[in-house]
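The structure under discussion appears below in the form of structure tokens.
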Amino acid sequence: MSEAIANSDDTPGSILELRRITKIFPGVKALDDVHFDLRQGEIHGLMGENGAGKSTFIKIITGVHAPDTGEIVIDGRKVEFKSPIEAQRLGVAAIYQHVTCYPDLSVAENIFMGHEKVTGLTRRVDWKAMHGEAQKLLDRLDANFSSRERMGALSVARQQIVEIAKALSTNARIVIMDEPTAALTQHESNELYRITEQLCDAGVSVIFISHRLEDIRRLAQRVTVFRDGRHIGCWPVQEITQDKLVVAMVGREISTMFPKRRIDIGEEVLRVANLTRIGYFRDVSFTLRQGEILALTGLVGAGRTEVCETLYGIARWDSGSVLVEGREVTIEDPLHALRLGIGCLPEDRQRQGLVLPWEIGKNITLPSLRAFSRLYWMDEDRENQAAGELARKLNVKASSIFTRVLALSGGNQQKVVVAKILSRHLKIIILDEPTKGVDVGAKAAIYDIIGDLAEQGYGIILISSEMPEVLGLSDRIVVMKEGRVTAQLETANATQEQILKASMVVDATEAAAEVAAETTADGSGSGE
Amino acid sequence: MADARTPEIRIQAVRNWSWKTFFFQWEWLLVVVLLLVVAVNTYLSPFFLALSTFIHTPATFLDKAFIVFPMMMVIILGKIDISVGSTVALSAVMMAVAYNAGLPMPAAIVLCLLVGVLAGAFNGVLIARFKELSFVIVTISTMMIYRGIAYIILGDQASGRFPGWFSLFGWGTVMGVPFMLVAFVVCAVIFGLLLHKTSFGRAIYGMGHNAIACRYSGVNTDRILMTVFTLNGLMAAVTAIFLTSRMGSTRPNVALGYELEVIAMVVLGGVSTNGGIGRIGGPILAVFIVGFLGYGMGLANLQAPIVLVVIGLLLIVSVLALRVRFTIRRKKPVV
Amino acid sequence: MAGRKVTFTENLRELGLFIFIIALGFAIQMRNPAFLRVSNIVSLLTNTSILGILAVGMMLVLLTRGIDLSIGSTIAFSGMVTALTVARYPGMPALLAVAQGAAIGVVIGMVIGVLVARFDVLPIIATLGMMNIVRGLTYVVSGGRWVSAYQMPDSFKALATGRTLGINNLIVVAIVVYLVATYFMNHTRTGRRIYAVGSNPDAAEVSGIPKRRLVFLVYTIMGGLAGLSGVLWVARFASAQGDTAVGYELQVIAACILGGVSILGGVGKISGLLLGTILFGILANALPLIDVSPFWQMGIQGVTVLVAVMTNAMVIRNTERSALRRRATM
Amino acid sequence: MKRTVIMLLVVIMAVAPIAAVFARGAQEDGVQRHAFVFKNTGNPYGEKQMEGFADGIREQGFEPILRAPDVPTAEAQIQIIEQLITQRVASISITGNDFDALEPVLTRARNQGIRVLSADSAVNPASRMTHINQADSEMIGRTLIQAAYDMAGGSGDIAILSATSQASNQNLWIEWMRTELADHPAKYRDLNLVRVAYGDDLRDKSVSETEGLLQSFPNLKVIIAPTTVGIAAAGRVVTDRGLIGQIYVTGLGLPSEMAEYISNGACPYMFLWNPIDVGYLTAFAATSAVDGRISGAAGESFSAGRLGSFEIVAAGDGGTEVLLGAPFRFDPDNIDEWKNVY
């Protein structure tokens, strides 16, 4: 792959260049002799599996870490950052996935935090100027919310826009976006693409980091791939195929992402009828059968996760009914759900799925502590044995089950979460975005596991925003929009267009009529 | 991260014993500190070094140590309970008043435990049911309320005149060893097993690191929260029994400031207030460090303010040492 | 529209507190008509002003997700040292004494600041340790003695009893502290950055906000205010003793929390803080007026705090639920 | 668990060699040591008592040990007494934080042959040989009411501002005050005791309580505060509010704390005994008890250095006590010579 490196040398118009950067943390070489260059007005994709060194790379460009060796060149001049402020001054800005927002402060303050507008003499914060400026930036990005809104009250997508506005406000010339689309739906991603392109037209250069091949293909002119802290290659996007890119990231071939298997679909295990949780979703109905993979799709915020949380006992439903194997049930809490045979792989792996500082084994057995204890007394030998078996079965890559989950890659962490579910005897498994933030290699492994699970007769509800995943894995598709089911399709006959239409297109007059109808219904006092 | 690339390693289910991890523990530092305390005390006072010091004097500082165990659980959960001192006062006052109102002493003791359990459970229910309220504010207000009730009941009186056998709790011995020390050891064993060997303990640690993940894993987090706070109330009542037995009477203002002393011992014992971290041995050692330190300095007739300063310094210095240890141990950044 | 609604929810707390104070004041007035007499209001405010000054500092600390348990000891220490100084040098100008006390507080605050900001010691532990150390030092410097009224020059005592523009000096100082704090928190960059640090410390770090320096600053300010309060305390009561203000920190924290400051950081407003402090002041000062047995006082204070925060939680829950219902019409 | 056990074993095994290195050898030089335990540290009144005690003991050629916990609780005093027992002191004189709560530990001390006395604030008769009382409680109570009568000019409201609601001394005095009022209904016809308030010996609370009294009882003439913090706080409020001459403060207080308010008229006069003498007397009672001259029974007498000879009398609580004498009256004429003493 060395031929790819050659073209990065001294290209005229290069606004940022990193040469032979090495960064060593105690015990690990995070970056090893890495090159990178970014041209004026370019969108440069950066890809790599988790742990490839991307995060360290960003931190070096933004001045959070100093490299051990190597140099950073901006506008042809060598620079050394002593603090993030200095990088900011030279026009470098980073948009992280979610770390940088201040939920308790206003949008305007979020935009200007660190470089607030002050009045000349008294150096007091100039609120009027700040809000005015912020509103101008938001308008420029076609955002339809106010700069006075509290950041914490905004959706992820809107927060992302605020982050971009923030980058613009520093007059950034180099913007780094770290997996900006990870938490966005297709629709929101499209919006982000538009804004990013707008940025470039204005002369800003963008480093766009993403796991999603689609992002890179849509946006970037060139793409660089890192693996294990090393620079693997840099190609113009048109000249590289998807497969080649995957090989570069993973280091090996992935033959087929979605092995089509023929699985016998059995008895009905779950029937949801007219399920309603006020304010989140209403009148949701579907069924699920043994060995079936039912995809639940739609935009983020369409109520998919909320439906599943309700089925898993995290929240209560207000009306409607749930039947598990034909018997009507109430579900009080997750423990109750697990006893009924419903398991869940939650959306936010690190927050909801894992006890990060814990060992793999302890994490795996957490849902089934009862099974490994008699009168609360833990049988640790049996526990470790079972955990080891599951970890082996799912091919978790670690030296032993006493390795901390913290130290695993995203994909392996996800495998541990799956192992947790398998530690109990279940019938129904809810998978909420199982491949979110997981690198390509692990994705394939997880798809494989999902196939296996279906084969073993589990009924699976798969929530996903990735169209190929939905179409490639499921047997049937339920599409939701704004808390309602808008389409139920057999995957064999479904097309991407159908799904998108059902999840996005809003007929203005129809929507207005709905609102009117329901306001009166609420007014009539049906209540909870 | 590197091992993630080597596909054919089969994951092991056997733990490797390592001397390094065994000796690289907070508790060893505490052991050293304890030995240092013994050494300094021996130097300061000719009366310190005697068998009776180690066997009998623990009874002078062990009363509040019973709360250390459940408080440790509370802190592992990432919470703090400031109301325990007041709970001690309330349950002691209830016991005394009930006995003097004609209840037989054994029944009064049961009532005392019951009051402690109720007080703890009330904290637990509030904290579990009102997630938006912080545990600090809940326990600060119940701290005032419990002691307030004790004042309302007893006003300016002291109450006591217990039957003679009641003083055995605080003063009696079992084969030459004070009953309190025996009870402490028993509690230490029970709580140690509870924390480290049961699913209950496992869930407590899990919740300390990540309560949400535990809830998603089917752990009944609310019930565990309530149980732990209830245990805290129960052990506060146990402290109330020993304390009252040692004093022979009680007043609404007993056990003032116990909560901070208990929290200090737990933290000195290496339990992180961030939750999830800490083993039973640390706080036990800390109880004896603080206890012997105070006792030894008292034997040397050092004035109380000096003892205050030394214990404050000990707390800060030990936590600084804890910081240093973690900085050394943290090898890998989480990329 | 959406912006409006948010603001309303967020001001609900202050509104509720305000209504509660009015109701409480009315109830007390019914029992004892002396309550709303000017002289009583003045004495109530005078007695509450020190609590109020400390609450401002504590709010800053709580905003950064910290806590300071050492302020009772700092008050005692700075008060004692200052009293000893003025007793030895009666000619010393009173303002110099104030400066000295505040400086002592600042030094103690800086020590805590270094421990917390530089060495990452948990605030609760660092301040718990300092609480013991500083209290011990207070006894050590005083040698167990008190400094009494006759040993203090009149100019010093006048700090707390004198008037400026017809208003008691303590109230004046408290008002000044509140005005400065309002300006500082709402209109200076440093103030807003303190909110930012509490709201999201990680974000503050990556966006180049000097998080550690701000945390250090916050404890220094808290120490300075505690030192100032120590001088005022001693001047007010014309006596300095070793056990001054034992356990006062919990009252200050309770007042902050009543005022809507979250101990989880990032949330809290000066306006709410003011109301919380006043409510606490009323509870401490008005109960003797309505002939409540002294034995009931502590219980009543505790129940009030609990009821206030629980009511607030309920109101917010209900508001959110009705907001959901409105949203449900989508 | 395994870890814990191993560590404890290590501690136990290491104690012996370490001890061998550091031990200085228990030297018993044979000097008799007498201990005095006050309520809490940092209390000038207590410091003066301890000073008097130390003088008295040294005067006789013995060694004094002066102790006080940092908080005024019985729990803390129990710990100190345990430490004193271990040190094998000859006698313990204690100013009790609780009347009954110290009985078990003091009994233990007596069983080990240590003589136990209480001074200033008594412990119950079962746990002491005798009590050194500053002055007759009855006399204090009655005198204070008479002073209030005098200051109020015979009519008006009076209120009491006490320390904590549990303080046994104060409660006893308040009882005698009530008795005095009840004994002479005719004389005190127009004198109403309207409230007993508790300032908990805290400055801020005492001030609040005083102000509450002023607001609630417009007819208030006299505040009796039988505690130093309380009387000084009341004096402060009266001075601040410009009420000198309208409302009078009296009670028991340290001359140094009250000098200002006695000079300015807020407190026309007040009472106290000399805490140095209390300590000094206690020292002689303790040594007499140790060498067997007294057993604590009523009728016995002993000599107390410069103070002369004292007799043990029966006390109101069923035990015995030694009375120092009548409380001393401090007024503008003599306050200046006393304010620097204590």
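The values are calculated or read from the model by the stated rules, or taken from the named source; none is laboratory data. From a predicted model like this one, the values you see are computed outputs, not experimental measurements. So basically every Cβ, Gly included, is an ideal-geometry build from the backbone, and we count neighbours across all protein chains shown. To get the accessible areas, we keep the full protein, side chains included, count just its heavy atoms, and leave off ligands, DNA and RNA. Shrake-Rupley method; radii C 1.70, N 1.55, O 1.52, S 1.80 Å.
Looking across region B:252-295, the residues that are at the interface with chain D (Cβ under 9 Å from one of its Cβ atoms), open to solvent by 10 Å² or more (accessible area, probe 1.4 Å) and not in a helix (DSSP H, G or I) come down to B:Asn253, B:Leu256, B:Gly257, B:Arg279. Would you please name the residue that is farthest from the chain's Cα centre (by Cα), looking only at residues in region B:170-186 that are within 11 Å of chain D (Cβ to nearest Cβ) and open to solvent by 50 Å² or more (accessible area, probe 1.4 Å)? Among residues in region B:170-186 that are within 11 Å of chain D (Cβ to nearest Cβ) and open to solvent by 50 Å² or more (accessible area, probe 1.4 Å), the one farthest from the chain's Cα centre (by Cα) is B:Trp171. Residues to consider are D:Ile224, D:Ile231, D:Ile244; find the one that is β-branched (Val, Ile, Thr) and away from chain C (no Cβ under 14 Å). Residue meeting the stated conditions: D:Ile224.
Out of the residues in region D:83-109 meeting the condition of being at the interface with chain B (Cβ under 7 Å from one of its Cβ atoms) and in contact with a helix residue (DSSP H, G or I) (Cβ under 7 Å, 6 or more places away or on another chain), tell me which one is surrounded by the most Cβ atoms within 10 Å (Cβ to Cβ). Looking at residues that are at the interface with chain B (Cβ under 7 Å from one of its Cβ atoms) and in contact with a helix residue (DSSP H, G or I) (Cβ under 7 Å, 6 or more places away or on another chain), I get D:Ala101. The residues of region C:123-156 that are open to solvent by less than 10 Å² (accessible area, probe 1.4 Å) and over 27 Å from B:Tyr258 (Cβ atoms), listed by number, are C:Val147, C:Ser148, C:Ala149, C:Met152, C:Phe156.
Yes/no per residue for (1) in a helix (DSSP H, G or I); (2) within 14 Å of chain D (Cβ to nearest Cβ):
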{"position": "C:Tyr183", "(1), (2)": "yes, no"}
{"position": "C:Leu214", "(1), (2)": "yes, no"}
{"position": "C:Thr220", "(1), (2)": "yes, no"}
{"position": "C:Leu225", "(1), (2)": "yes, no"}
{"position": "C:Gln251", "(1), (2)": "yes, yes"}
{"position": "C:Ile263", "(1), (2)": "no, no"}
{"position": "C:Ile278", "(1), (2)": "yes, no"}
{"position": "C:Ala286", "(1), (2)": "yes, yes"}
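Restricting the search to strands (runs of 3 or more DSSP E) fully inside region D:240-342 and requiring at least 2 residues that are not small (Gly, Ala, Ser) gives D:248-251, D:270-272, D:309-311, D:320-323, D:328-330. Identification of helices (runs of 4 or more DSSP H) wholly contained in region A:172-256 with 1 or more residues that are within 29 Å of A:Ser155 (Cβ to Cβ), away from chain B (no Cβ under 14 Å) and touching a residue at least 12 places away in the same chain (Cβ under 8 Å) yields A:186-201, A:213-219. Picking from residues in region B:34-48 that are among the hydrophobic types (A, V, I, L, M, F, W, C) and more than 7 Å from chain D (Cβ to nearest Cβ), the one that is nearest to B:Tyr295 (Cα to Cα) is B:Phe48.
Looking at A:Cys344, is it in contact with a Cys (Cβ under 8 Å, 6 or more places away or on another chain), modelled with pLDDT of 85 or more and more than 17 Å from A:Arg484 (Cβ to Cβ)?
Working: in contact with a Cys (Cβ under 8 Å, 6 or more places away or on another chain): yes; modelled with pLDDT of 85 or more: yes; more than 17 Å from A:Arg484 (Cβ to Cβ): yes.
For A:Cys344, the condition - in contact with a Cys (Cβ under 8 Å, 6 or more places away or on another chain), modelled with pLDDT of 85 or more and more than 17 Å from A:Arg484 (Cβ to Cβ) - is met.
With respect to the conditions (1) modelled with pLDDT under 80; (2) of a type in the set (S, T, N, Q); (3) not in a loop (DSSP other than H, G, I, E, B), A:Thr100 lacks only one, and its number is (3).
On the basis of being surrounded by 19 or more Cβ atoms within 10 Å (Cβ to Cβ), within 14 Å of the chain's Cα centre (by Cα) and closer than 27 Å to A:Glu482 by Cα, does A:Thr196 make the cut? Spelling it out, it is not the case that A:Thr196 is surrounded by 19 or more Cβ atoms within 10 Å (Cβ to Cβ), within 14 Å of the chain's Cα centre (by Cα) and closer than 27 Å to A:Glu482 by Cα. Residue count for region D:121-160 satisfying the condition of being at positive phi and either assigned to a loop (DSSP other than H, G, I, E, B) or at pLDDT 90 or above (or both): 2. In the condition set (1) more than 18 Å from the chain's Cα centre (by Cα); (2) at the interface with chain B (Cβ under 9 Å from one of its Cβ atoms), A:Arg351 is compliant with all but (1). Residue pairs whose Cβ atoms lie under 6 Å apart, sitting 6 or more positions apart in sequence or on different chains, and linking a residue in region C:21-46 that is within 26 Å of C:Arg236 (Cα to Cα) to a partner that is of a type outside the set (A, V, I, L, M) and assigned to a helix (DSSP H, G or I), are C:Ala34/C:Asn40; C:Ala34/D:Gln215; C:Phe35/C:Gln29; C:Leu36/C:Gln29; C:Asn40/D:Gln215; C:Ser43/D:Glu211; C:Leu44/C:Gly281; C:Leu44/C:Asn285. When region D:68-82 is limited to residues that are in contact (Cβ under 8 Å) with a residue 12 or more places away in the chain, at the interface with another protein chain (Cβ under 7 Å from one of its Cβ atoms) and under 18 Å from B:Ala300 (Cβ atoms), the one that is most open to solvent (accessible area, probe 1.4 Å) turns out to be D:Asp70.
For A:Glu433, the test of being in the same structural domain as A:Ile463 (by TED's automatic domain parsing), buried (at least 19 other Cβ atoms within 10 Å of the Cβ), under 30 Å from A:Glu268 (Cα atoms) and of a type in the set (Asp, Glu) is passed. You will find that of A:Leu453, A:Leu471, A:Leu390, A:Leu406, the residue that is open to solvent by 20 Å² or more (accessible area, probe 1.4 Å), outside the structural domain of A:Ala182 (by TED's automatic domain parsing), within 30 Å of A:Leu500 (Cβ to Cβ) and touching a residue at least 12 places away in the same chain (Cβ under 8 Å) is A:Leu471 and no other. A count restricted to region B:49-64 and to residues that are more than 9 Å from chain D (Cβ to nearest Cβ), touching a residue at least 40 places away in the same chain (Cβ under 8 Å) and either open to solvent by less than 10 Å² (accessible area, probe 1.4 Å) or within 27 Å of D:Gly30 (Cβ to Cβ) (or both) stands at 2.
Here D:Ser118 fulfils each of the conditions (1) more than 17 Å from D:Met177 (Cβ to Cβ); (2) outside any strand (DSSP E or B) apart from (2). Does region D:168-184 include one or more residues that are assigned to a loop (DSSP other than H, G, I, E, B), farther than 30 Å from D:Ile132 by Cβ and open to solvent by 30 Å² or more (accessible area, probe 1.4 Å)? Yes: one or more hits. The residues of region B:195-219 that are among the hydrophobic types (A, V, I, L, M, F, W, C) and touching a residue at least 24 places away in the same chain (Cβ under 8 Å), listed by number, are B:Leu195, B:Phe200, B:Ile204, B:Met207, B:Ala211.
Yes or no: D:Val278 away from chain C (no Cβ under 14 Å) and β-branched (Val, Ile, Thr)? When the stated conditions are applied, D:Val278 passes them. Among the conditions (1) away from chain C (no Cβ under 14 Å); (2) under 25 Å from the mean Cα position of the chain (by Cα); (3) under 19 Å from A:Glu309 (Cα atoms); (4) modelled with pLDDT of 80 or more, A:Thr491 misses just one, which is (3). If the condition is being surrounded by fewer than 24 Cβ atoms within 10 Å (Cβ to Cβ) and assigned to a helix (DSSP H, G or I), then region C:235-248 contributes only C:Tyr248.
Among the residues of region D:282-298, is there at least one that is crowded, with 16+ Cβ neighbours inside 10 Å and on the phi > 0 side of the Ramachandran plot? Yes, that holds for at least one residue.
Listed by first and then second residue, the pairs with beta-carbon distance under 9 Å, at least 6 apart or on different chains, first residue in region C:287-313 and charged (D, E, K, R), second in a loop (DSSP other than H, G, I, E, B), are C:Asp291/C:Asn32.
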